[in-house]
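Asks: Sending over a structure as structure tokens; questions will come in a sec.
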Amino acid sequence: MTTIIPGADSQALAAELAAELDAALTVPTYDRFADGETLAAIPAFDDNEAIIVASTATNDAHIELLQLQDAAREAGAATVTTVIPYLGYARQDKAFKQGQPISVRATARAISTGTDRVLLVEPHEPAVAEFFTVPTDAVDAADRLAGALVDLDDPLFVAPDEGAIELATTTRDAYGEGAVDYFEKERDYETGEVELTPSDAPVEGRDVVVVDDIIATGGTMSGAVEVLVDRGADRVFAVCVHPVLAEAALTRLSAAGVERVVGTDTLERAVSEVSVASAIAANLTE
Ligand code: R5P
């Protein structure tokens, strides 16, 4: 038998995964001391195999994941699998200036010490798996996004930059019809501002679905939505795997004229309409 151990920010997804795998679901405690330190703990369990499901969107979540891994070993788990639905720091995968760390490499090394295997859901770059020192696989989940889209009129699936073309294509394929196009994007790393060069695909009167891996500040997505609305698209849907939705991202999207924002439960937000549990389960059981 397998025990699923949820991180504090991945409780709904962990429960879905336990149901998919017919596994036990343990109930951790997530405490914090007066000095700010966290303490995530689990009750004793008899199973040999533990699967920790924990997104690492915050620094606290990173530490809690390390604590849950250690607690699972203490509890006697012979194998520990770590499922990271949303891997924080994944966009810090290069030293952009002299003196900077490769932050995701540092966190990947730490996570690797407490586990036998890692699963990452749609990591920002698949190459990030190479920073882990245990077997690490990526789970494709973009096809699940199509489940939230119905009755689109002459749909066009747009990637807001070249890196998201595969996600847009996968979503289109899962939806079953429509064209795929992409914008070119330049980001100013000093200011964080993005400049989008739209394609010349006709959008007037069409439903357009913009697909990206992450909506963080919403700068990229709202820029794309605004251009598409200005060019006469009927409805524009903003669809992503990881709805980080930092700061005023949702408001930026509303102000840009978005019809609806859709994300998955790799991060538990109001827009997390789609679950990636079955995609993770398929990978764990194949
Ligand atoms: C970039 O390559 C990513 O795919 C996303 O487009 C980006 O990280 C989204 O960030 P933001 O919402 O802050 O523009």
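Just so you know, all these numbers are worked out from the coordinates, no wet-lab data involved. Quantities reported herein were computed from a predicted structural model and do not represent experimental measurements. Note: ideal-geometry Cβ built from the backbone for every residue, glycine included; neighbour counts use all protein chains shown.
Asks: What's the angle, to the nearest 10 degrees (0 to 90), between helix 59-74's Cα axis and the longest principal axis of the chain?
Replies: 40
Asks: Using Cα atoms only, what is the angle between the long axis of helix 165-175 and the major principal axis of the chain, expressed in degrees (0 to 90) to the nearest 10?
Replies: Taking the Cα atoms of the chain, the angle to 165-175 is about 90 degrees.
Asks: Ranking request for peptides 191-200, 249-258: highest mean number of other beta-carbon atoms within 10 Å first, then the rest in descending order. List each step's numbers first, then the result.
Replies: Details: 191-200: 12.7, 249-258: 18.1.
Per-residue Cβ counts within 10 Å, averaged per peptide and sorted highest first, yield 249-258, 191-200.
Asks: A further question on this structure: For segment 175-286, what is the relative contact order in percent, using Cα pairs closer than 8 Å and at least 6 residues apart in sequence? Please report the intermediate quantities before stating the final value.
Replies: On the way: 194 pairs, mean separation 22.5, N = 112.
In percent, rounded to a whole number, it is 20.
Asks: Can you tell me how much longer the chain between Ala127 and Asn59 gets when fully stretched, taken as 0.36 nm per residue apart minus their C-alpha distance, in nm with one decimal? Walk me through the intermediate numbers first.
Replies: Values: separation 68, 0.36 × 68 = 24.48 nm, distance 2.22 nm.
The Ala127-Asn59 span can extend by a further 22.3 nm.
Asks: Considering only Ala238, Ala141, Ala19, give the residue with the highest GNM mean-square fluctuation for the chain, with springs between Cα atoms whenever their separation is below 10 Å.
Replies: Ala19
Asks: Taking every pair of alpha-carbon atoms in the chain, what share in percent sits in each 10 Å bin, from 0 to the bin with the longest distance?
Replies: Binned Cα distances yield the sequence 7, 28, 32, 21, 10, 2, 0.
Asks: Quick one, what does Rg over Rh come out to for segment 83-191 if you take C-alpha atoms and the Kirkwood Rh?
Replies: Details: Rg = 16.8 Å, Rh = 15.9 Å.
Ratio of gyration radius to Kirkwood radius for segment 83-191: 1.05.
Asks: Hey, what's the Kirkwood Rh for segment 119-274 if you take every pair of different alpha carbons, in angstrom?
Replies: Working: mean 1/r = 0.0640 Å⁻¹.
The answer is 15.6 Å.
Asks: Output the antiparallel fraction of DSSP beta bridges having both residues in segment 142-265, as a percent to the nearest 5. It would help to have the intermediate numbers written out before the result.
Replies: Numbers: 5 of 23 bridges.
Among the beta bridges of segment 142-265, antiparallel pairing accounts for roughly 20 percent.
Asks: Something else now. Which residues does the label zone of Glu74 cover in segment 45-60, counting backbone N under 16 Å from a point 7 Å along Cα→Cβ?
Replies: Under 16 Å, as judged by backbone N against the label point of Glu74, lie 45-46 of segment 45-60.
Asks: Sticking with this structure for a sec: Count neighbours as other Cβ atoms within 10 Å of each site's Cβ, and list the chymotrypsin sites (Phe, Trp or Tyr not before Pro) in segment 180-286 that are DSSP loop with at most 16 such neighbours. Before the final figure, lay out the partial values.
Replies: Values: sites: Tyr182, Phe183, Tyr189, Phe237; in loops: Phe183, Tyr189.
Hits after loop and neighbour filter: Tyr189.
Asks: What does the extension gain come out to for Asp143 and Asn48, with contour length at 0.36 nm per residue minus their alpha carbon separation? Spell out each step's value before the answer.
Replies: On the way: separation 95, 0.36 × 95 = 34.20 nm, distance 3.24 nm.
31.0 nm is the gain from fully extending Asp143 to Asn48.
Asks: Show log10 I(q)/I(0) for segment 1-116 at q = 0.09, 0.21 Å⁻¹, two decimals, from a solvent-free Debye sum over equal Cα scatterers.
Replies: Relative scattering, expressed as log10 I(q)/I(0), comes to -0.25, -1.12.
Asks: Helix 11-21 against the longest principal axis of the chain: what's the angle in degrees, Cα atoms only, rounded to the nearest 10?
Replies: In the chain, helix 11-21 runs at an angle near 80 degrees to the longest axis.
Asks: While we're here: Given the DSSP H assignment, sum -39500 (n - 2.57) over each helix run of at least 4 residues in the chain and divide by its residue total; what's the result at 222 nm in deg cm²/dmol, nearest 500? Intermediate results must be reported in sequence, preceding the final value.
Replies: On the way: 8 runs with 81 residues, N = 286.
Theoretical 222 nm ellipticity from helices: -8500 deg cm²/dmol.
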